[in-house]
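The values are calculated or read from the model by the stated rules, or taken from the named source; none is laboratory data. Source: prediction; values computed, not measured. No Cβ is skipped: glycine too gets one built from the backbone with ideal geometry, and neighbour counts run over all protein chains shown.
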Amino acid sequence: MAKKKAKEVKVNFKTSWEYAAAPESKDHIRLKDKYDLFINGKFTAPKSGKYFDTINPATEKSLAQVAEASEEDVNIAVAAARNAYDKVWSKIPAKERGKYIYRIARAIQERAREFAVIESMDGGKPIRESRDVDVPLAAAHFFYYAGWADKMEYAAPGKKVRPLGVAGQIIPWNFPMLMAAWKIAPAIAAGNTVVLKPAETTSLTALKLAEVIQESGLPEGVVNIITGAGATGAALVNHPGINKIAFTGSTEVGKIIQRAISGTQKKYTLELGGKAANIIFEDAAIDQAVEGIINGIFFNQGHVCCAGSRLFVQESVADIVIRKLKDRMETLIVGDPLDKNTDIGAINSKEQLSKIKQYIKIGINEGGEHYEPSCSIPSKGFFHRPTLFTNVAQSSRIVQEEIFGPVLAVQTFRTVEEVIEKANNIPYGLSGGVWTDKGSKIFKVTSQIRAGVIWANTYNKFDPTSPFGGYKESGVGREGGLHGVMPYVEVIHA
Amino acid sequence: MNSTAASAYDFRHSPAIDQVGVEERISRLSKRSIKKESKLAALKLALSMVDLTTLEARDTPGKVRQLCVKAMHPHDSVSNIPPVAAVCVYPNLVRVAKETLKGSKVKVAAVSTAFPSGMSKRKVKLEETKWAVDEGADEIDMVISRGKFLTGEYNYVFDEIAAVKEACGKAHLKVILETGELSTLDNVRRASDIAMDAGADFIKTSTGKIQPAATLPVTMVMLEAIRDYYYRTGKKIGMKPAGGIATSKIAFNYLVVLRETLGEDWLNADLFRFGASTLANDLLMQIVKEQTGIYQSIDYFSKD
């Protein structure tokens, strides 16, 4: 009797009181039909003469055309950056550099709403995130590194530092605006000039940032933004006039870059894939841990290199945690990225959506128990329900490989030793999470997990002062904080 | 119900609560945007959940009668406005309220057990409760012995609630935790667990006499306790945040937290109440605004 009764007990989230649509207005957004390359302070047509469409993944409609930079365009951009470095940026007083960077930071704040709406339109992320996370953090990075500009002589106590020259920077499609800030701010604060290439599916906020940079009066050629796909990126990486490559993206491309620049004098930082372990101990504040799991994996549709995509739950609380997770997933709102109530927006591209679906098939074939909540998803656009896999093995591909989508693989564990071993048993080492009410356990576990960033009783917390980066196949070097500016300078031991 | 039931569940082992995590969740939920038809529905829902309250020593039978009329007919010049859930008064005014509300569905709630401090002996508390029920109270709002709770005498608190529940007979029991005196969310969770296991039909945040009164983080922790209790026992316990909820906008935040924690079954006055006095008029002003497009001055709404 008791067992039968227990089965009927289920919170019903199909409510008679629903939230009405609350879309953020896009009336104030002015997009050009066609975007040229931003080289030497001006928007210039590509020598290639070619343009490609950038679409809104939530509607599949084109938003604008974006120039495709050829090798020749890359040469021009690098030459502009070199010229600006030699003639202006390496010569002006450091505090002047800081002044321009502060100006860019303030302009981002002033135009925050515009940036947020375009970021959501071009990339598919919910406006709640672009408004509350991406854009404010991007401004914060410029503010933070503006402060370093005239303090670089204190960056390496007792030694001198000097900028490297021209940095080639390639950024991914998951945080287009924020990654541009992570790359540009420390580079130019330290005295370098840059050529930045945004991802081909999400170029618009970088091009809007180019407008801000133009208006800020930053000397011409200090920041150049060129658009295009893999071939453009390759031309930038292989260009002999580049002193430093900063790349954020897939491990696969990271390895290609590493091979390409081996034997050259180019310095590099790579921020690559991840498959983070989020570990919940039985003594954790369970309801808040569940919220942390949700944020860890479903933030930005799971398109996050540090996403908590592997969940480890101590067996004594596994049933409760999984029940609570499923209940919580029922309340996630999947849909229009511009709706202020949307929790999960659109998958960034058709290719990414089919990759996610492929992995879900693999997971099911591997014997994983598959769960999706009952929420509806729009018929047009690229959308995917948040997904949970239980009954998976350490050898499962959905446990080993980075999916970069809203898919969580759940494993259970009995002892601390076991979970540390499993958490580390992966080619990646970017991030991790530990949930426990016991402080000593936090220190014991986090000190043994080989990952660049580990959060305790929280997840996905970013701050410009805090270094970020990976172990193993998750990358080389750090971004953020003092650590993030050092890869842009040479330390002179004299 | 007796202390052996309490020993089946060790209240020292109520789940840990992480205050930072709770506040983050609340901040996220508070950003839900409630517009258009969703707004009007929320306004009416909130109004139907109000326990119109007057708990002053200077309360008069006349004031209570006025409050009761307001409860039944919040604003008759506009159609389709629901009555509130209950009127909440001191025991000596229960009879007046009961007579005025005769024939309506509005319930009479009486505060009891040496409200608001609870600093009395059990015999007095039980007698007061029985008296309020005899006077006609449909619901009893009791206070827990916070002193005993804070010294760790959980069994005392449990037994007292169980005894009051027995004294209530058919009347529903709301247990006020007075969360403003419990200081931590861990304590709020533990007190919620004790109250539900001891027989509470509702758990309630505050008397309204202590600051802070109801807050969103406290309410969410209590709703999560209710959800866990539901999964553990199959019983649905009600929730009443009270004190400090003065505007429609804040009330919406509570409804959002309620909806996303306990869902459809709790979105009604049987399982959720607002203990408030001024909230009702703000809800009415907003309802009139939604229905007529005109935002009227407070002078067009009765103050009772």
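Once the range A:328-342 is narrowed to residues that are surrounded by fewer than 21 Cβ atoms within 10 Å (Cβ to Cβ) and outside any helix (DSSP H, G or I), the residue that is farthest from the chain's Cα centre (by Cα) is A:THR331. Of all the listed residues (A:GLY429, A:GLY405), the sole one being closer than 20 Å to A:GLU252 by Cα, touching a residue at least 40 places away in the same chain (Cβ under 8 Å), touching an Asp or Glu at 6+ places or on another chain (Cβ under 8 Å) and among the small types (Gly, Ala, Ser) is A:GLY429. Reported count of residues in the range A:370-396, each being out of contact with any Asp or Glu (no Cβ under 8 Å at 6 or more places or on another chain) and outside any loop (DSSP other than H, G, I, E, B), is 2. Give the residue that is surrounded by the most Cβ atoms within 10 Å (Cβ to Cβ), with candidates limited to residues of the range B:69-92 that are of a type in the set (Gly, Ala, Ser) and either within 17 Å of B:LEU279 (Cβ to Cβ) or in contact with a Cys (Cβ under 7 Å, 6 or more places away or on another chain) (or both). My answer is B:ALA86. Scanning the range B:43-72 for residues that are of a type outside the set (Val, Ile, Thr), free of Cβ contacts under 8 Å to residues at least 40 places away in the same chain and touching a Leu at 6+ places or on another chain (Cβ under 8 Å) yields a count of 5. Note on the range A:1-93: no enclosed strands (runs of 3 or more DSSP E) hold 3 or more residues that are surrounded by fewer than 18 Cβ atoms within 10 Å (Cβ to Cβ), within 14 Å of chain B (Cβ to nearest Cβ) and of a type in the set (Gly, Ala, Ser). Taking the range B:21-56 as the search range and keeping residues that are of a type in the set (Val, Ile, Thr) and assigned to a helix (DSSP H, G or I), which one is nearest to the other protein chains (Cβ to nearest Cβ)? The residue in question is B:VAL22. Every condition in (1) surrounded by 18 or more Cβ atoms within 10 Å (Cβ to Cβ); (2) over 15 Å from the mean Cα position of the chain (by Cα) holds for A:GLU479 except the one numbered (2). Given the condition more than 26 Å from the chain's Cα centre (by Cα) and under 23 Å from A:LYS324 (Cβ atoms), answer yes or no: does some residue in the range A:395-405 qualify? The answer is no; no qualifying residue exists. The set of residues in the range A:124-180 that are among the polar types (S, T, N, Q) and in a loop (DSSP other than H, G, I, E, B) contains only A:ASN174. Residues in the range B:71-111 that are modelled with pLDDT of 95 or more and acidic (Asp, Glu): B:GLU99 only. Restricting the search to strands (runs of 3 or more DSSP E) fully inside the range A:208-327 and requiring at least 2 residues that are surrounded by 24 or more Cβ atoms within 10 Å (Cβ to Cβ) and within 14 Å of chain B (Cβ to nearest Cβ) gives A:277-280. Among the criteria (1) more than 14 Å from chain A (Cβ to nearest Cβ); (2) surrounded by fewer than 19 Cβ atoms within 10 Å (Cβ to Cβ); (3) on the phi > 0 side of the Ramachandran plot, the one B:ASP59 does not fulfil is (3). Per the listing A:ALA67, A:ALA22, A:ALA45, the residue uniquely among the small types (Gly, Ala, Ser) and under 23 Å from A:ARG111 (Cα atoms) is A:ALA22.
Just so you know, in the range B:189-248 the residues that are within 14 Å of chain A (Cβ to nearest Cβ) and basic (Lys, Arg) include one that is surrounded by the fewest Cβ atoms within 10 Å (Cβ to Cβ), and it is B:LYS235. Here B:GLN66 clears all of (1) surrounded by 18 or more Cβ atoms within 10 Å (Cβ to Cβ); (2) in a helix (DSSP H, G or I); (3) away from chain A (no Cβ under 14 Å) except the condition numbered (1). Counting only helices (runs of 4 or more DSSP H) that sit completely within the range B:195-304, zero hold 1 or more residues that are among the aliphatic types (A, V, I, L, M), over 15 Å from B:LEU47 (Cα atoms) and at pLDDT below 95.
In summary, B:PHE11 fulfils each of the numbered conditions (1) more than 14 Å from every other protein chain (Cβ to nearest Cβ); (2) under 20 Å from B:GLN296 (Cα atoms); (3) in contact with a Phe, Trp or Tyr (Cβ under 7 Å, 6 or more places away or on another chain) with the single exception of condition (2). Look through B:MET119, B:MET142 and report the one residue that is modelled with pLDDT of 95 or more and within 22 Å of B:GLY238 (Cα to Cα). Residue meeting the stated conditions: B:MET142.
Inside the range B:253-304, can you point out the residues that are within 15 Å of the chain's Cα centre (by Cα) and acidic (Asp, Glu)? B:ASP270, the sole residue that qualifies. Of the residues examined, A:ALA80 is not one that is without any contact (Cβ under 8 Å) to a residue 24 or more places away in the chain and hydrophobic (A, V, I, L, M, F, W, C).
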